[in-house]
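The values are calculated or read from the model by the stated rules, or taken from the named source; none is laboratory data. Keep in mind that this is a model prediction, so the values were computed, not measured. Note that each Cβ is placed from the backbone with ideal geometry, even for glycine, and that neighbours are counted across all protein chains shown. Just so you know, the surface numbers come from the protein's heavy atoms only, side chains and all, with ligands and any DNA or RNA stripped out. Shrake-Rupley method; radii C 1.70, N 1.55, O 1.52, S 1.80 Å.
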Protein chains: 2
Amino acid sequence: MVVASGLGEGREAHGSVGPCRRAEIYLDRNENPFDLPPDLKEGLMRELSKVPLNRYPPSPPASLKEKIAEYVGLSSENVMVANGSDELIGAVLGVFEGGHVVVSPPTFAMYAFFARKEGLDVVEVPLGENFELGDVEARARGARAIFITSPNNPTGNVQPRARIEEVLETGAPVVLDEAYAEFAGESAVDLVRDYDNLVVLRTFSKAFGLAGARVGYAVASEETMAALERTRPPFAVNALSIKAAEFMLDHIEHVNATVDFIVGERERIYREFSACSYPSRANFLLMRLDAEGFLRERGVHVRGLSGRLSGHIRVSIGKREENDCLIEALHAFMADG
Amino acid sequence: MVVASGLGEGREAHGSVGPCRRAEIYLDRNENPFDLPPDLKEGLMRELSKVPLNRYPPSPPASLKEKIAEYVGLSSENVMVANGSDELIGAVLGVFEGGHVVVSPPTFAMYAFFARKEGLDVVEVPLGENFELGDVEARARGARAIFITSPNNPTGNVQPRARIEEVLETGAPVVLDEAYAEFAGESAVDLVRDYDNLVVLRTFSKAFGLAGARVGYAVASEETMAALERTRPPFAVNALSIKAAEFMLDHIEHVNATVDFIVGERERIYREFSACSYPSRANFLLMRLDAEGFLRERGVHVRGLSGRLSGHIRVSIGKREENDCLIEALHAFMADG
């Protein structure tokens with residue numbers, strides 16, 4: 001594949017210094033390691049130069065909604081675009097009734113952050129031994145929302161579709177965060193056809209490589225979407241980011257090649273450290289290695305975890321040469337220990 | 001001035017059709033009529049092409065905060081940047097105590113929108129006969145915020161600095177919206193040095209011509225800023241818009257030339273219709289003319305008003321040829337009547 005062939009480039013350019021001490025390596029925020037290649041960047045800039053910056057953005061961004069709808073196989077009435085999916089967590093909580101939310105730690109911290117901001121109780125139903133969903137149904141009654149993250153951050157595992165349906169059958173509002181779905185190659189987004197109580201959150205920050213543009217979207221039934229639209233102020237997403245998101249959807253073959261490459265690299269690193277690594281369906285690996293400080297001293301930044309995952313690190317998948325440095329540093333850590 | 005010399009261009013290009021029926025003219029959203037000229041647009045695109053889109057934006061955007069601080073003559077600890085100043089209205093309401101807000105209609109509708117969203121009572125203290133601030137002090141006790149807009153939208157007048165200080169002396173939180181301050185050539189933003197209870201809202205959407213980028217900012221004392229920072233989720237402003245705002249501050253001479261041109265055009269239109277127009281310090285005029293429908297039929301879009309301002313229109317100042325068409329259409333309306 002032409003696009004993917006350049007994804008490992010840059011290694012030779014490091015010269016005699018060796019790749020691993022040349023620059024800091026950031027594998028700590030689950031970003032996509034690839035910015036657009038020069039030809040696509042130039043194409044995007046041509047599009048951005050046509051945006052009339054002095055005019056308010058289209059609200060709602062009809063054209064982007066159409067493209068997203070096509071991408072997820074639903075209608076544009078099922079889609080809401082926002083300034084990053086974080087904003088949508090707060091918006092969704094404003095739509096439903098109920099005095100508490102259910103979260104399943106270890107998971108993404110923003111659900112609890114936004115729930116507390118809304119004055120809601122946060123009920124924790126911890127994930128099981130293999131990070132499978134616990135008995136969230138027991139706390140479904142009166143819940144404003146049950147949050148399910150699949151693939152989950154920071155554990156990387158997918159919750160089975162059948163299990164998600166069981167939770168949906170309670171009738172409680174379910175927010176399914178699929179920020180990393182593209183790396184898993186599977187999604188439950190089509191369940192919004194059958195369940196009015198489901199809101200799926202997606203993002204352009206991970207597989208699409210647009211963390212800098214801050215574009216997320218929610219997918220839900222038309223009824224739920226209409227309620228969401230009523231609670232939001234206008235002009236939430238800026239015109240440049242709208243255009244960038246559209247451009248990526250217009251170049252989905254590049255996105256897919258990037259995802260394939262990252263998944264391949266994830267499996268390469270997993271095989272190397274399978275004894276201390278959990279299997280992952282996302283663009284990161286959870287490892288039973290207390291190596292954050294050791295790696296940082298070598299210029300490799302990963303996320304050290306706490307609580308139940310104290311002594312673990314979450315490692316985002318980088319470019320090939322970045323991953324080589326990570327592997328080298330992890331081997332040094334294990335030899336040290 | 002070199003930059004301003006091109007601001008009236010485009011008229012000749014219309015050819016024999018005549019400028020006024022060639023395209024729809026949008027004077028209804030108080031946008032800046034000028035997108036960046038080609039040389040500046042190219043410079044901005046060069047900057048945008050350097051933004052690593054795959055990485056999360058700097059949070060807070062330190063470099064933009066520095067430039068804004070320099071622009072308003074304060075320190076970067078006094079500045080918070082957000083995804084449009086609308087977002088800041090909601091954020092400010094989350095920081096203070098009190099069960100109601102005070103608004104002075106006719107004014108911008110978003111204050112009441114966000115206050116109701118927070119479950120707050122909206123107390124209206126209407127502007128006086130010449131749109132001067134009423135006795136808002138009488139409702140200051142227990143107020144979560146007193147909103148003052150200067151220049152006010154849609155009336156265009158400035159509230160005198162001494163009057164703003166009187167309200168600040170009550171000790172109640174005051175949100176001073178200065179979205180149009182650059183067109184007035186005056187600002188009370190320096191009062192944040194003396195008043196901890198003052199938050200000033202500003203925007204890049206009007207004078208800076210970046211409505212499409214959605215960048216606003218708040219200016220307040222360091223204590224109030226610290227409280228605001230605590231209530232906000234991270235990564236609110238995208239990396240492209242941050243760069244666009246920085247670019248405009250780096251080309252402030254262009255912004256100033258645009259503002260001078262718009263102010264000159266505003267005064268030209270005002271002189272033509274002084275009998276039915278209110279004086280304005282913003283980039284729009286309030287007119288006692290029930291002409292919205294008449295103008296729309298001629299392709300000129302203005303904002304028709306309601307309530308106390310029923311039978312009035314708010315007309316944003318456009319490019320020279322757009323204003324010529326407006327003037328022509330308004331003369332036709334008056335001849336018709």
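The table that follows gives values for the structure above.
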quantity: Shortest-first distances to equivalent copies, position B:Ala335, nm, label 7 Å out along Cβ; calculated: 9.1
quantity: Anisotropy class of chain B from Cα gyration tensor, a/c 1.5 cut; calculated: oblate
quantity: Largest to smallest principal axis extent of the C-alpha atoms in the protein assembly as shown, angstrom; calculated: 85, 54, 50
quantity: Candidates B:Asp39, B:Asp290, B:Asp196, ranked by Gaussian network fluctuation over chain B, Cα under 10 Å, top entry; calculated: B:Asp39
quantity: For chain B, size of Cβ-based charge dipole, Lys and Arg +1, Asp and Glu -1, in debye; calculated: 800 debye
quantity: DSSP bridge pairs, the protein assembly as shown: antiparallel proportion in percent, nearest 5; calculated: 50 percent
quantity: Label distances, nm, B:Glu222 versus same residue in remaining copies, Cβ-directed 7 Å point; calculated: 5.6
quantity: Dipole of the protein assembly as shown [Lys/Arg +1, Asp/Glu -1 at C-beta], most positive-end residue of A:Ala275, B:Ala23, A:Val122; calculated: B:Ala23
quantity: Copy-to-copy label separations for B:Cys276, where each label sits 7 Å from Cα toward Cβ, in nm and ascending; calculated: 8.0
quantity: Among B:Glu229, B:Glu265, B:Glu77: highest mean-square fluctuation, GNM of chain B, C-alpha pairs under 10 Å; calculated: B:Glu229
quantity: Stokes-Einstein translational diffusion, segment B:249-337 - Kirkwood Rh over all Cα pairs, 1.567 mPa s, 4 °C, in µm²/s; calculated: 95 µm²/s
quantity: Residue (of A:Tyr195, A:Ser241, A:Thr231) at the positive-pole extreme of segment A:188-245, dipole from beta-carbon charges; calculated: A:Ser241
quantity: Where no second cysteine Cβ lies under 4.7 Å, the cysteines concerned in the protein assembly as shown; calculated: A:Cys276, B:Cys276
quantity: Selection from A:Val92, A:Leu64, A:Thr107 lying farthest towards where the dipole of segment A:47-121 points positive, charges on Cβ; calculated: A:Leu64
quantity: Rounded if a/c under 1.5, otherwise prolate or oblate - segment B:150-223, Cα gyration tensor axes; calculated: oblate
quantity: Calculated FRET efficiency for the pair B:Glu42/B:Glu129, C-beta based, R₀ 56 Å, to 0.05; calculated: 0.65
quantity: Distance between modelled label sites at A:Arg22 and A:Ser75, nm, 7 Å Cα→Cβ extension; calculated: 5.3 nm
quantity: Chain A: most fluctuating residue of A:Leu53, A:Leu176, A:Leu40 per GNM, C-alpha cutoff 10 Å; calculated: A:Leu53
quantity: Simple spin-label estimate for A:Glu166 and B:Ala332 in nanometres, 7 Å along Cα-Cβ; calculated: 7.0 nm
quantity: Most to least accessible of B:Lys206, A:Lys117 (protein chains only, probe 1.4 Å); calculated: A:Lys117, B:Lys206
quantity: Convex hull per residue volume in Å³, alpha carbons only, for segment A:88-187; calculated: 87 Å³
